[in-house]
Amino acid sequence: MHLQLAVQNAFGQMTDVMDQLTNAQYTQSCENLSGATIGQHTRHIIEMYQCLLTGLQNDMVNYESRQRDIRIECDKDFAAALLAEIEASINQPNRTLKLYAGFDTDTHEQVQLDTNFYREIAYNLEHTIHHMALIKVGLLELSGIRIPDGYGVASSTIKYQRSCVQ
């Protein structure tokens with residue numbers, strides 16, 4: 001399916017970059033990311049997909065119930081293994097889900113929305129691209145890191161840029 005291929009491509013780019021980093025670089029505070037690390041952004045991406053895949057067990061997803069596993073943000077090899085695990089796990093048929101989310105910071109009230117697995121993969125993919133763009137900002141603080149073309153750029157932007165060249 002097209003969505004799974006797009007996730008595979010994004011995760012491939014992330015893994016290519018992580019392979020170039022030391023754990024010290026992966027966990028280094030980035031000035032241009034308000035002190036956040038590449039590892040923290042990577043953890044956030046991974047945990048969103050983990051929430052979705054866990055939610056399949058009972059046909060509901062709640063991204064606010066992320067585990068926030070510090071090991072993901074501190075160990076780039078562990079993070080890369082999880083990306084591979086997620087990539088292998090998302091090749092499933094579509095199904096109906098309930099999304100639970102609380103948008104008000106002053107209460108614990110949650111809304112319940114109808115959604116489906118493919119829609120949530122699409123959401124997570126767009127979310128991944130957004131965080132890859134932030135990771136790219138952090139990568140630019142490091143020297144010697146080869147950043148793949150299109151890293152952290154939405155497919156619609158890439159298509160638009162290609163149409164302008166012609």
Under 21 Å from the Cα of residue 76 - lysines, other chains or at least 8 residues apart: 136
Beta bridges per DSSP with both ends in the chain, % antiparallel, nearest 5: 75 percent
Normalised per residue, the volume of the convex hull around the Cα set of the stretch 2-165 (Å³): 138 Å³
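Using the alpha carbon gyration tensor of the stretch 90-166, what are the three equivalent-ellipsoid semi-axes (square root of 5 times each eigenvalue), largest first, in whole Å? Please report the intermediate quantities before stating the final value.
Numbers: eigenvalues 200, 74, 32 Å².
So the equivalent ellipsoid measures 32, 19, 13 Å along its semi-axes.
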Å³ per residue enclosed by the Cα convex hull of the stretch 37-119: 102 Å³
Residues of the stretch 89-110 with amide N under 15 Å of a point placed 7 Å along Cα→Cβ from residue 4: 89-95
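Laboratory data are not the source of any read-out in this text; all were calculated from the coordinates shown. Keep in mind the model is a prediction, meaning the values are calculated, not measured. All Cβ positions, even for glycine, are placed from backbone atoms using ideal geometry, and neighbour counts span all protein chains on display.
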